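Inspection log for the structure reproduced underneath, given as structure tokens.
The values are calculated or read from the model by the stated rules, or taken from the named source; none is laboratory data. Being a predicted model, the structure only gives us computed values, none of them experimental. Reconstructed Cβ throughout: ideal geometry from the backbone, glycine too, with neighbour counts over all protein chains shown.
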Amino acid sequence: MKTLQAVRGMHDILPDDSAAWQWLESILKTQFEAYGYEEIRTPLVEQTELFTKAMGQSTDVIEKEMYALQARGDAHLSLRPEGTAGVVRAVLQHGLLNPPGLKAWYCGPMFRYERPQKGRQRQFYQAGLEAFGIEGPSIDAELIALISRIWRALGIDRHVVLEINSLGDRADRAQYRETLLDYLTPLRDQLDEDSQRRLDLNPLRIFDSKNATTQAIMLDAPKLSDALGPSARTHFEQLCGCLDALDINYTINPGLVRGLDYYGRTVFEWKTEQLGAQGTICAGGRYDELIEMQGGRATPGIGLAMGMERLLELIRDQQQGGFKTSPDAYLVSALAAEHTLAIAERLRTDGPALRLIADLQGGSFKAQFKRADRSAARWALVLGDDELEQGTITVKDLRGNAEQLTLNLNQAAEWLEQNRPG
């Protein structure tokens with residue numbers, strides 16, 4: 001009988017891999033909360049209109065990658081392709097923007113229908129940050145400083161580079177769009193097919209093209225920075241000044257436009273050469289018009305998202321010693337099950353931090369010790385009739401040459417916690 005397989009592009013996270021995920025999530029949570037961000041959890045499914053309004057009809061996500069769901073009645077629902085739109089919907093629905101200054105973080109699965117490949121899956125995980133109600137460039141700089149601190153905590157700071165740009169305000173982009181069209185329209189036939197389509201819908205997205213001929217054409221394109229108005233220009237110059245003061249290295253990339261329509265002013269990406277074509281590991285920017293687009297009062301906002309799978313792939317190359325946490329002790333017992341379970345529970349109660357596996361398969365001591373060794377536990381705890389009668393437990397070293405000990409059961413958990421590996 002044929003066994004069922006996971007849906008293409010959607011992968012299981014197995015126990016051996018979960019240790020790395022937990023390690024990464026723990027570091028992210030600690031750093032996010034150190035900067036005053038609070039966790040928010042939004043549904044995997046939202047009304048499709050939420051995403052079409054936020055991202056624009058001309059983005060690849062809306063045109064080709066949305067997972068639309070069949071729903072009863074006239075409801076049009078989709079699996080979330082990104083996190084920002086859902087967070088914005090939630091903070092508006094629950095009135096969280098008064099008073100201003102909300103900072104929120106999230107982590108969870110997103111869904112896009114695209115060709116699965118290394119570093120890009122149909123179900124993928126993102127962690128993200130959103131900050132609302134802070135207008136000046138200081139929040140842009142603080143967000144970049146936070147992520148720079150995370151790269152140092154993860155040990156990958158030397159493998160990533162920061163690129164920044166300004167998309168200006170709406171009027172700046174409208175003016176630039178006409179300038180860009182004047183440049184590209186005579187060259188239309190030289191552009192790749194996808195860029196020809198974007199020329200009519202959103203010509204700024206042509207900067208995202210991976211086609212070599214189109215990329216060469218865009219090198220000589222007019223620069224958006226030349227179209228910035230005084231307000232957007234001052235904002236960007238002040239951001240650069242903050243980053244310089246914080247000693248954060250960056251490159252200004254005039255072709256950095258981001259893939260979603262709601263961005264304006266500051267945009268940024270961290271890239272690496274360690275992951276091949278899928279080199280962007282974190283990206284974001286300002287979306288000062290998004291709250292109003294979703295029906296709220298005009299409120300400045302900025303956010304970012306990082307791809308967890310890509311981060312883990314990069315981290316695994318740098319992390320020494322692995323991620324998996326081994327148990328501290330493995331309980332080997334010749335006693336009846338009720339005695340074994342009772343003593344195991346007593347040890348866990350006395351030592352809340354103790355990582356203990358109790359052998360519940362039974363069999364000979366030889367078989368149980370083989371399982372104890374495979375568990376990678378440091379200590380084997382041995383229970384027999386003598387130990388039960390005397391209220392003791394025997395401790396054997398499975399990973400070194402320490403002498404065998406007999407401990408009073410009242411003291412065993414404390415001793416084990418004090419002698420945990422690492």
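Here is how the numbers come out for the structure above:
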{"quantity": "Residues located in region 115-141, provided they are more than 17 Å from the chain's Cα centre (by Cα), of a type in the set (S, T, Y) and over 22 Å from L243 (Cβ atoms)", "calculated": "none"}
{"quantity": "Within region 383-407, tally of residues that are closer than 22 Å to A353 by Cα and touching a strand residue (DSSP E or B) at 6+ places or on another chain (Cβ under 6 Å)", "calculated": "10"}
{"quantity": "Residue check, I302 closer than 30 Å to Y262 by Cα and either assigned to a loop (DSSP other than H, G, I, E, B) or among the β-branched types (V, I, T) (or both)", "calculated": "yes"}
{"quantity": "Elements of type strands (runs of 3 or more DSSP E) in region 332-422, at least 1 residues being surrounded by 12 or more Cβ atoms within 10 Å (Cβ to Cβ) and under 38 Å from the mean Cα position of the chain (by Cα)", "calculated": "356-358, 379-383"}
{"quantity": "Residue in region 324-331 that is hydroxyl-bearing (S, T, Y), over 30 Å from P81 (Cβ atoms), touching a strand residue (DSSP E or B) at 6+ places or on another chain (Cβ under 6 Å) and surrounded by 18 or more Cβ atoms within 10 Å (Cβ to Cβ) present", "calculated": "yes"}
{"quantity": "Neighbours by Cβ (under 8 Å, 6+ apart or cross-chain): first from region 389-407, under 21 Å from A376 (Cα atoms); second modelled with pLDDT under 90 and not in a strand (DSSP E or B)", "calculated": "R399/P421"}
{"quantity": "Residues of region 105-129 satisfying the condition of being closer than 13 Å to Q278 by Cβ and part of a strand (DSSP E or B)", "calculated": "Q117, R120, F124"}
{"quantity": "Subset of region 217-252 (residues that are assigned to a loop (DSSP other than H, G, I, E, B) and touching a helix residue (DSSP H, G or I) at 6+ places or on another chain (Cβ under 7 Å))", "calculated": "A221, P222, L228, G229, L246, I248, Y250"}
{"quantity": "Single match in R177, R173 (criterion: among the basic types (K, R), touching a Leu at 6+ places or on another chain (Cβ under 9 Å) and touching a residue at least 60 places away in the same chain (Cβ under 8 Å))", "calculated": "R173"}
{"quantity": "Options I147, I134, I164; residue that is in contact with a strand residue (DSSP E or B) (Cβ under 8 Å, 6 or more places away or on another chain), closer than 30 Å to L92 by Cα, of a type in the set (V, I, T) and at pLDDT below 95", "calculated": "I134"}
{"quantity": "Residues (among the aliphatic types (A, V, I, L, M) and surrounded by fewer than 16 Cβ atoms within 10 Å (Cβ to Cβ)) located in region 249-278", "calculated": "I252, A277"}
{"quantity": "Criterion: part of a helix (DSSP H, G or I) and in the same structural domain as A305 (by TED's automatic domain parsing) - qualifying residue of R72, R149", "calculated": "R149"}
